[in-house]
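Below is one structure, written out as C-alpha cells, with a few remarks after it.
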Amino acid sequence: MSRRRRRYAVPGVEQEMQSFKAEVMRKEGYDVDPNRPDDVKYEVADDLGIPLSEGDNSDLTTESVGKIGGKIGGSMVREMIRMAQEKLASYKK
C-alpha cells in the first residue's frame with residue numbers, strides 16, 4: 001500500500017511541520033529521531049499496547065490506529081493552542 005501524501009494549507013511547510021512534530025513528541029517524553037519524526041508512531045503504539053509494525057497493519061482496527069494518531073496529533077494541537085494563547089497574551093501588554 002502506498003503512503004498517503006499530506007497536503008498542508010500553506011505550501012512549503014512540510015519540513016517545518018515534521019520538525020514541530022519531533023519537538024512536541026520529545027516534550028511528551030518520546031525518543032524522536034529528527035530525521036525520521038514519523039517513526040515516533042511506533043513508540044506511541046507500543047506505549048498504548050497496539051501492535052503497530054512497519055508494512056501491513058490491515059489487522060488493526062480503525063479505533064486502534066486512531067488512538068495512535070490522536071495521541072500525536074492531539075499533542076501537536078495542544079502545543080499550537082498554547083503557542084497561540086501565548087502570542088495573544090503578548091498583544092495585551
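Which residues, counting only those in segment 33-86, are of a type in the set (D, E, K, R), within 20 Å of F20 (Cβ to Cβ) and not in a helix (DSSP H, G or I)?
Those that are of a type in the set (D, E, K, R), within 20 Å of F20 (Cβ to Cβ) and not in a helix (DSSP H, G or I): D33, R36.
Inspect segment 1-15 for any residue being in contact (Cβ under 8 Å) with a residue 12 or more places away in the chain and of a type outside the set (D, E) and give the result as yes or no.
Within segment 1-15, one or more residues are in contact (Cβ under 8 Å) with a residue 12 or more places away in the chain and of a type outside the set (D, E).
List pairs: first in segment 30-58 and over 18 Å from G73 (Cβ atoms), second among the small types (G, A, S) and surrounded by fewer than 15 Cβ atoms within 10 Å (Cβ to Cβ), Cβ under 9 Å, 6+ apart or cross-chain?
P34/S19
Read-outs: derived from the displayed coordinates by stated rules, not from any lab. In this text the structure is predicted, and so the values were computed from the model without any measurement. Glycine gets a Cβ as well: all are built from the backbone with ideal geometry, and neighbour counts include every protein chain shown.
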